[in-house]
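Right, one structure below, let's go through it.
The values are calculated or read from the model by the stated rules, or taken from the named source; none is laboratory data. Here the structure is a predicted model, which means the values were calculated and not measured. Positions of Cβ are backbone-derived with ideal geometry, glycine not excepted, and every protein chain shown enters the neighbour counts. The protein model used for the area step is the full one, side chains on, heavy atoms only, and it has no ligands, DNA or RNA in it. Shrake-Rupley method; radii C 1.70, N 1.55, O 1.52, S 1.80 Å.
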Amino acid sequence: MLLTLCSMLHALCHENMADDMVSKLKDTGLIQDEPLLFEQGGEGRKGYSLPRWDVEEVEVRNLISPHLLRKGLEGFPQLSEVDVVRHFTRLSQWNYGVDSGFYPLGSCTMKYNPKLNEELARLPGFSAIHPYQPEELSQGILKLMYELERFLAEITGMDHVTLQPAAGAHGELTGMKMVRACLEARGERRKKVLVPDTAHGTNCSTSTIVSYQMVEVKSSEKGIIHPEQVARQMDEDVAAIMVTNPNTLGLFEEHLGEIAEIVHRKGGFVYCDGANLNALMGIVKLGDLGVDVLHINLHKTFSTPHGGGGPGAGPVAVKKELAPFLPIPVIEKEGEKYFFNQDRPDSIGKMRAFYGNFGVLLRAYAYILTLGAHGLRKVSEMAVLNANYLMKRLKDYYYLPYDRPCMHECVFTDRFQEEHHVTTLDIAKRLIDYGFHPPTIYFPLVVKAALMIEPTETESKEGLDRFIDTMIEMAREAEESPDLLRQAPQRVKVRRLDEVLAARRPKLKWTRKE
Ligand SMILES: Cc1ncc(COP(=O)(O)O)c(C=O)c1O
């Protein structure tokens, strides 16, 4: 009986499959649709079963003043424990994270975060500490932060570091505020900031928020900025140039030293967006290339959890000239004692409540200590090797606009697939059917229909090969059965969305169907 039912369902299922596209897809068995919690449950259902009270029951209304009591929660679901556990477990399974699989999101560095760092962050001596605890009782964490600042200064070749900013973009804001403060202290009111066309969008916003006019610098046909171009645009009205190195095409800005000299000659500052430091550790010190100020994304390079615009950490490193403007408090050491110095008259002020996101800083500190100098260099070497391996194996199948060795990420486009009317978006969506998180798409803007892949150093050769083989198979599909890509994804709970509508008119509130 059961067998017959199964074969009937199977037959029905096949009838419903419009073409062989769907029949190629195996059911994962994980995507089980279910009503929302608000649509489940029943009167009197509870999440616990306890023995009868052995004390007299008391009416809450007699104990708590009526104005403090809610009248009721209309429509609030009454559920059993298993209803709730299943619901949230399933939601967590519909999510995709770096702990579930390959996550090659270019410009975001979704590398695996070692669990050891999580364990350390949960030690009660760290997790239970109170921000108002006096300095004498906080010497351990002060020492940790002081040392982390020194490590980051050493890795980047800079003089001082602040750990306060909560994200990369927040670090940019902090750094550029220091540039502005320093120029003002010199009595200069410059108006412009140079930003290459390959920059991360946050660089443009930062320069504007700090009240500078952003002036775009066109990159050369090699995908990097050329000193001659900078020399043409640099003048005494330019406060700084903001250069990302390696840039968002995954290419090393090899003229940075020369560019820094041009900018310095006219009295400007060199801001380096050091978010991609994961490609440089132990190989290049950005400070040696004339950089005056830079930020680091701990979540990209030092393997701390990502948080949308925070709660992360985007420490900022500066050369001596900018040190007086660092945010307060600054951690200092006198003899064996660590303390917060608040007495810094030229400081730009406080950038973050207390001292930044300590839990994140702690994870980065543990990451640096466990790897050591040699291990950090290896991280960068592996990140660069993995990206170049992937680029080399895929470049016959996907168009590579800048065909030269890359750093930690590489950028393809859909140009080869265009004749089959398959786009970058289709390629990204089809990867979901194969169980991979898609890469970053349509960024950087300087490349039309970009497909930006960052494999990171934590992927094994087998893992990389699985992804590469899938991409090659998809290039074949684009030629032979392009609908497979155009109609992807088929194997997930939510198919292709109208992304414009989803962004413009998001449904954020559930309402009961009448
Ligand atoms: C090059 C670059 N700059 C800046 C940022 C902004 O960092 P955040 O997202 O932490 O604000 C990123 C983010 O990944 C980045 O890749």
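When you go through Glu154, Glu172, Glu221, Glu228 one by one, which is the residue that is charged (D, E, K, R), open to solvent by less than 10 Å² (accessible area, probe 1.4 Å) and either out of contact with any helix residue (DSSP H, G or I) (no Cβ under 8 Å at 6 or more places or on another chain) or within 16 Å of the ligand (Cβ to nearest atom) (or both)?
Selected residue: Glu172, the only one of Glu154, Glu172, Glu221, Glu228 that is charged (D, E, K, R), open to solvent by less than 10 Å² (accessible area, probe 1.4 Å) and either out of contact with any helix residue (DSSP H, G or I) (no Cβ under 8 Å at 6 or more places or on another chain) or within 16 Å of the ligand (Cβ to nearest atom) (or both).
One residue is enough: does region 320-329 have a residue meeting the conditions in a loop (DSSP other than H, G, I, E, B), away from the ligand (no atom under 16 Å from the Cβ), open to solvent by less than 20 Å² (accessible area, probe 1.4 Å) and closer than 20 Å to Gln133 by Cα?
So far as region 320-329 goes, yes, one or more of its residues are in a loop (DSSP other than H, G, I, E, B), away from the ligand (no atom under 16 Å from the Cβ), open to solvent by less than 20 Å² (accessible area, probe 1.4 Å) and closer than 20 Å to Gln133 by Cα.
Would you pick out the residues in region 108-124 that are part of a loop (DSSP other than H, G, I, E, B) and either within 16 Å of the ligand (Cβ to nearest atom) or open to solvent by 50 Å² or more (accessible area, probe 1.4 Å) (or both)?
Cys108, Thr109, Met110, Lys111, Tyr112, Asn113, Arg122, Leu123
Could you tell me which numbered condition Ile283 fails, if it satisfies all but one of (1) within 16 Å of the ligand (Cβ to nearest atom); (2) touching a residue at least 60 places away in the same chain (Cβ under 8 Å); (3) under 19 Å from His408 (Cβ atoms)?
It is condition (1) that Ile283 fails.
Among the residues of region 175-203, write down those that are part of a loop (DSSP other than H, G, I, E, B) and within 15 Å of the ligand (Cβ to nearest atom). Give the steps one after another, and end with the answer.
Keep residues of region 175-203 that are part of a loop (DSSP other than H, G, I, E, B), which gives 186-191, 197-200.
The answer is Asp197, Thr198, Ala199, His200.
It is to be established whether one or more residues within region 228-251 are among the polar types (S, T, N, Q), within 22 Å of Ala279 (Cβ to Cβ) and not in a loop (DSSP other than H, G, I, E, B).
Yes: one or more hits.
Look at Phe102 and say whether it is aromatic (Phe, Trp, Tyr), away from the ligand (no atom under 16 Å from the Cβ), buried (at least 19 other Cβ atoms within 10 Å of the Cβ) and outside the structural domain of Arg45 (by TED's automatic domain parsing).
Criteria met by Phe102.
Any chance you could count how many residues in region 157-166 are buried (at least 24 other Cβ atoms within 10 Å of the Cβ) and within 11 Å of the ligand (Cβ to nearest atom)?
1
Name the single residue, out of those in region 125-137 being assigned to a helix (DSSP H, G or I) and out of contact with any strand residue (DSSP E or B) (no Cβ under 8 Å at 6 or more places or on another chain), that is surrounded by the most Cβ atoms within 10 Å (Cβ to Cβ).
So, considering only residues that are assigned to a helix (DSSP H, G or I) and out of contact with any strand residue (DSSP E or B) (no Cβ under 8 Å at 6 or more places or on another chain), the one surrounded by the most Cβ atoms within 10 Å (Cβ to Cβ) is Phe126.
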